[in-house]
Every structure is written in C-alpha cells, then in structure tokens.
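Structure first, then comments.
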Amino acid sequence: MTRTRKLQALLGTSLLKLFIALTAIFLILFLYVIFSRGGKMINWEFLTQSPRRYMTEGGIFPAIIGTFWLTVLSIGFALPLGIFTAVFLTSYARPSWLVRIIRVSINTLAGVPSIIYGLFGLTVFVQFFKFDVSLLSGALTLGVLAMPVIINASEEAIRSVPPDFREASLALGATERQTILRVILPTALPNILTGTIISIGRVAGETAPILFTAATFYTRLLPTSVMDEVMALPYHIYALMTEGSHAAKQVPIAYGTAVVLLALVLLVSTVAIIIRYRLRKKKKW
Amino acid sequence: MVNKSAHIITEDLNLWFGDNHVLKDVNIPVYDRNVTALIGPSGCGKSTLLRCFNRMNDLIPETRITGKVMLYEENIYSSRVDVTNVRTKVGMVFQKPNPFPKSIYKNVSYGLNVRGIARSRIEEIVEKSLHDAWLWEEVKDRLHESAFSLSGGQQQRLCIARALANDPEIILLDEPTSALDPQSTARIEELCLALKDQVTILIVTHNIAQAGRISDYTAFMYLGEMVEFGKTKQMFTVPKDKRTEAYLSGVFG
Ligand SMILES: Nc1ncnc2c1ncn2[C@@H]1O[C@H](COP(=O)(O)OP(=O)(O)OP(=O)(O)O)[C@@H](O)[C@H]1O
Ligand SMILES: [Mg+2]
C-alpha cells in the first residue's frame, strides 16, 4: 500500500517535473529561434528609421510608433469602459435579465476569433462611423477585443474586495457611488491591472483586427492624427513574410521586427507589474 | 427609567428576511447617553435589530420591515429620510475590526471627506476623534502609515475613532470585542464607559459579564422577541422572565 503510494507520488512528481521542463524547453527554444534570427538585426538605425526600398532596407520606426499608439489608445478606451461595465455587473445583488444578457455576450465575445473582430471593425468603425482605415478604427476594434478580458478581470477583482469595506463605508454615511470610487475600486485596482496586462500583450500582437481597420502596408510618415493609417509591428511581420520578392532580405527583417514586438510587450508588462506591485505594497490588508 | 429621554425607540418593529420572520414586534427604548446592552442566544436577531438602527439591513435583498424606528421625532424608515444622513448620526462598529486599506489618518477622515467637510477642519477633527478613542498617543507619529500596521485592538479603536469623527448621536457596536484579547477588550469596555458622556451606546454582546460591567440598561432577546428590558442591575439580580433567568444563569446560550 505505502509502496504503491510512494511509487505513485514519485511518478506524479517526476511527470510534473517533466512537463515543467518541457514547457521551459519550449519557451527557451521559442526565444532562441526568434532572437537568433532576429537579434542581429537590432541596431539604432533599425529602431529609428523608416523602411526603404520596398521594405528590404531601413528600419521599422513607423511600425513601432503605430503599435504603440494602437495599444495605448485601445487600452485607454477599453479600460475605463471595462471597469465601468464590471461595476455595473457587480452592483446588482440579484442578476437582472440585462445583466445576464451582458454576461453571456461578454463570454461569447471572449471566444470570438480575432479575424471576426476585424470584420466587425470594418463594418462598424470604418464604414458605418466613417472613421476610414485609421488609427482610431484600429484602436477601437482592438479595444472591443480587449474588453472581455478587462471586464472579467475587473469583475473578479471587485468581487474579491472584502464586503466589510463596503459595509464600513456605507455605515459612515457614504453613498454607493462614493463607496465604489473611494474604497472598492482603489482596493481592486492592482488586480484589475493584472487583467489589463494580459490584454496589452494580446492587443499589441494581434494582426487580424487591424488588417482592415488601421494597418497599412507601408508608409514613411508617422501618424499625425488618429485619422491616419498606421504601420504596426505584427502586420509588418505578416507583410514581410507574404509580400514582395526579396525573401532573403525580408525574412531577417521580419524576425527583427518580432524581437522588437516581444521586447515591447515585455516592457509594457514590466511597467504594469511594477505599478501593480507598488499599489499592492501601499495597501495591504 | 421614566424620566429619561429616549433617543431611539422602536415601535412594533418586525423584520423578515424572505420568509424568515426574524424580528417580532420589537419595542425597545435606547436612552440618551447611556450604555444599553443587547444580549441573547446566537441567532436570536441581535445583529439584525442593531442593523435596523442605521438601516444596514437595506443592503440585504428580500428584506421586509414594518413598524417604526424613531430617532427623536423622526421615523428613520419614512420615505423622506436620507439614509446617508441617518448613518452619519448613527455610527457603527463591527465585530471584526474593518479599517479601510488606507492610512490611519485617511480612515478617520473618510466620513468627513464623503460629506465634503472643509479641509481646514478635518485635521482638527481627526486628532480629536483619535484622542476620544484613546488612540492618539499610540499613532500620532505614524498617522500616514497603513491602518493594517496596527494591532487588532488598536484597529478596533481606530474604527471607533472613525465613527466618532462623524460626531454621531449614537454608536452601535456589534460584539466589538469578540475578536480581541482580554487586555484590548478591557480597554474598549473602559472606553465605552468614558464615551457615554458624549454619545449614546448600544452594544451587542455574547458576554453576560461584559453587559454587567458596562451597561446601564439591558435588553434580552430570544427567538426574535424582546423578552425583557430594564436596568441592568435589576435584571441581573431579579429577572422577571423565566427565559431571562435561564439565559443569565447560563442554562442556554
Ligand atoms: N444576510 C442575511 N440573510 C438572510 N438571513 C439572515 C441574514 N443575516 C441573518 N439572517 C438570519 O437572521 C436571524 C438572526 O440573525 P442575527 O445575525 O441577527 O442573530 P444574532 O443574534 O446576531 O446571532 P449571533 O449572536 O450569532 O451573532 C438568523 O436566523 C439568521 O439566519
Ligand atoms: Mg450577531
């Protein structure tokens, strides 16, 4: 009995270790492939210049700027709206039909393939609202894509705030709204940011949603307003790998772009993690 | 008992949580600047009654209330009453210390901030409230540290200070010492006695000895009914009701 148990335990932990090792190996392999092929492309010119000669030379600066603004604007739009929705969803003790419909919609949206978001953005923002193919249309589309994750994270974060805090606040004569703004949201913020970090990575890396709504194949110009078309890192990789006829020159640039995209996502995540860490440290309970 | 002015008085108060009839025709006076203890076995409705006095039961869905709770001349359940106003006049301290995840200072200033009290006055009121809750000396050098850096007993006194900052007329305490060590408990009991000059106190307690030590009046509840109300000394020596006698002698509880 004890021997089989020991054996089982041994087998269990060995298997576990094996899987962990496998995951680590894949991650290392993944980073190695990207960095070994793209790392040598990275230099000052690559990061600060526009592409030249049908994207076979020069840098990727416009794509960096494009992805940066797409990400910032989409999160800037999805975060407040997502938090607002989560507050609405959590402020009802018993779910009404409206809350139920919203919840089903959110969960459905979370599973929709990103190309569908692209079509949605095309129909709604590009054509119906006449924002054309622009930074704005792309950011809104990506924002819609990020919303389910942000809403779910925010809702969970708000629900995990101890009810004691709400009671204490109300018992001191605060209104529901004051309670939400002054106690519940500040307490939930670190966890809300965690959810947001995940969506930043997703938003920055998506190609399909911006395909018809924001991305342009090639522009030397940087966006001057939200109505401009932009280049974007993931779309740039896609373009380099599928268009043009100088594969030998384009493929290394694509890998270099991938390195930059990865670095950018890591950078944003790190900043967000630091902010979250600071907030957590400040308000422990 | 007759010549005291009652601060809060309930009139045929009934409360249901769904189908559960929790409070049954409760009539109880809470006398001005006295300590009133609410005792009774677990589940008899002490907390629920207490939470009627600042309308905290409003938060629980499917709650139905009939009867009146008169705060001076005003029924706090009348439709014209502003609930937030009631809750500033009637402060509450909970069983488990529940300071906000904010600094000590911000905890005490919270009620003032939400009411939009002038910044210039807040500092002074915070200091006074901390003094009144016997916490000032312990925290005056660390006002901007997290409230969670305090001990349990200190946190509970912070919660009392936080309630006092609103300058309430009455403070409700729901077993405020049941999560504390004996020393912190003694300190809060003394504090209650000191505070009754400035504020009316209604305290729920499981601890009969505690009720005896600090209260002027005691109300004994059983299965949602107010069985007996009277001067603590009288009730503890010659209880009128058999059930009170049984409870006080520890037969059930
Ligand atoms: N939020 C709630 N929803 C539904 N029923 C509740 C709720 N809170 C309390 N009750 C019910 O109301 C009755 C009285 O509960 P209450 O908490 O007032 O008792 P209590 O006298 O304070 O008990 P204790 O001494 O254990 O704190 C119980 O039957 C309880 O199940
Ligand atoms: Mg109770």
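Odds and ends about this structure:
- One residue from A:185, A:193, A:189 being away from chain B (no Cβ under 14 Å), within 16 Å of residue A:87 (Cα to Cα) and buried (at least 18 other Cβ atoms within 10 Å of the Cβ): A:193
- Scanning the stretch A:263-276 finds no residues that are more than 14 Å from chain B (Cβ to nearest Cβ), part of a loop (DSSP other than H, G, I, E, B) and surrounded by 12 or more Cβ atoms within 10 Å (Cβ to Cβ).
- Evaluation of residue B:126 against the conditions (1) touching a Phe, Trp or Tyr at 6+ places or on another chain (Cβ under 9 Å); (2) surrounded by fewer than 21 Cβ atoms within 10 Å (Cβ to Cβ) shows that the sole unmet condition is (2).
Here's the yes/no breakdown for (1) more than 16 Å from ligand 2 (Cβ to nearest atom); (2) of a type in the set (Gly, Ala, Ser):
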| site | (1), (2) |
| --- | --- |
| B:164 | yes, no |
| B:169 | yes, no |
| B:173 | no, no |
| B:176 | no, no |
| B:181 | yes, no |
| B:211 | no, yes |
| B:227 | yes, no |
| B:233 | yes, no |
| B:244 | yes, no |
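- Just one of the listed residues (B:183, B:210, B:234) is over 23 Å from residue B:55 (Cβ atoms), crowded, with 20+ Cβ neighbours inside 10 Å and not β-branched (Val, Ile, Thr), namely B:210.
- Residue in the stretch B:49-88 that is surrounded by the most Cβ atoms within 10 Å (Cβ to Cβ), counting only those that are hydroxyl-bearing (Ser, Thr, Tyr) and within 14 Å of another protein chain (Cβ to nearest Cβ): B:88
- Hits in the stretch B:75-109 (condition: more than 19 Å from residue B:129 (Cα to Cα), more than 16 Å from ligand 2 (Cβ to nearest atom) and within 19 Å of the chain's Cα centre (by Cα)): B:75, B:76, B:77, B:83, B:84, B:85, B:86
- Enumeration of residues in the stretch B:11-50 that are of a type in the set (Phe, Trp, Tyr) and within 14 Å of ligand 2 (Cβ to nearest atom): B:17
- Among all residues of the stretch B:123-134, there is none that is hydrophobic (A, V, I, L, M, F, W, C), touching a residue at least 12 places away in the same chain (Cβ under 8 Å), closer than 17 Å to residue B:190 by Cβ and within 16 Å of ligand 1 (Cβ to nearest atom).
Bear in mind these aren't lab numbers, they're just calculated from the coordinates by the rules spelled out. All figures in this text were calculated on a predicted structure; none of them were measured in a lab. Because the Cβ atoms are built from the backbone with ideal geometry, glycine has one as well, and the counts that use them run over all protein chains shown.
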